[in-house]
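Chemist: I have a structure I would like to understand better, so I am pasting it below and will then ask my questions one at a time.
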Amino acid sequence: MARRDVKAAQRRRSTRTSVPGVEDFRADPLLPKIERAVASILAKGNVVAPVDVLVAMHLLAPDGLEDWLRGRVPYLEQVIRCNLTRLSRLLRILRFHAHDLNLVPTQAEYHRRGKGPKQTLHFQGVDIWRPPMRGTSFGRGSTGSQRRHQSRLPT
């Protein structure tokens, strides 16, 4: 392989695996898709939940989300149609974009719906999501309890 090809391959590899920061997240190719998803969600309400963004981006099927909310799937990561690296990148960019839109982050717990005990739902088998990312919803202009109830799907 020519020296130029090796350098180009290294540059592509480092670009894909680099973690987007505050300075460079606007150049990420996922940002336009996230912006469209967030805009469509905010057109319907005041709360943007990460699971809603995943559904809007077609990375999570509504049936898969329903299975997770009903407790039929032990971890949300089992029904998401992307790898954890891309998911982590997406959530980080979503957090920066929500900050740019002056949306307020709110912690929300997801509990199993339907009959039986209301158990806390898990996002992945080995819970490596940082606490601010886990169950965070972003909203504008309402109290925390209102956002928490709005971020859940209707029963």
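The values are calculated or read from the model by the stated rules, or taken from the named source; none is laboratory data. Since the model is a prediction, treat every value here as computed from it, not as a measurement. All Cβ positions, even for glycine, are placed from backbone atoms using ideal geometry, and neighbour counts span all protein chains on display.
Yes/no matrix, rows are residues, columns are (1) in contact with a Leu (Cβ under 9 Å, 6 or more places away or on another chain); (2) modelled with pLDDT under 85; (3) under 21 Å from residue 56 (Cβ atoms):
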position	(1), (2), (3)
103	yes, no, yes
108	no, yes, yes
124	yes, yes, yes
138	yes, yes, yes
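Chemist: Ok, one more. Would you confirm whether or not region 72-84 contains a residue that is of a type in the set (Val, Ile, Thr), out of contact with any strand residue (DSSP E or B) (no Cβ under 6 Å at 6 or more places or on another chain), closer than 23 Å to residue 18 by Cβ and at pLDDT 90 or above?
Modeler: Taking every residue of region 72-84 in turn, none turns out to be of a type in the set (Val, Ile, Thr), out of contact with any strand residue (DSSP E or B) (no Cβ under 6 Å at 6 or more places or on another chain), closer than 23 Å to residue 18 by Cβ and at pLDDT 90 or above.
Chemist: Which count do you get for residues in region 1-40 that are modelled with pLDDT of 70 or more and farther than 19 Å from residue 89 by Cβ?
Modeler: 2
Chemist: Does residue 50 satisfy the criteria of being farther than 25 Å from residue 18 by Cβ and in contact (Cβ under 8 Å) with a residue 40 or more places away in the chain?
Modeler: no
Chemist: In region 97-119, how many are over 11 Å from residue 47 (Cβ atoms) and not in a strand (DSSP E or B)?
Modeler: The qualifying residues number 15.
Chemist: Still on this structure: Just name the residue that is surrounded by the most Cβ atoms within 10 Å (Cβ to Cβ) out of those in region 62-94 that are assigned to a helix (DSSP H, G or I) and of a type in the set (Ser, Thr, Tyr).
Modeler: The extreme case among them is 88.
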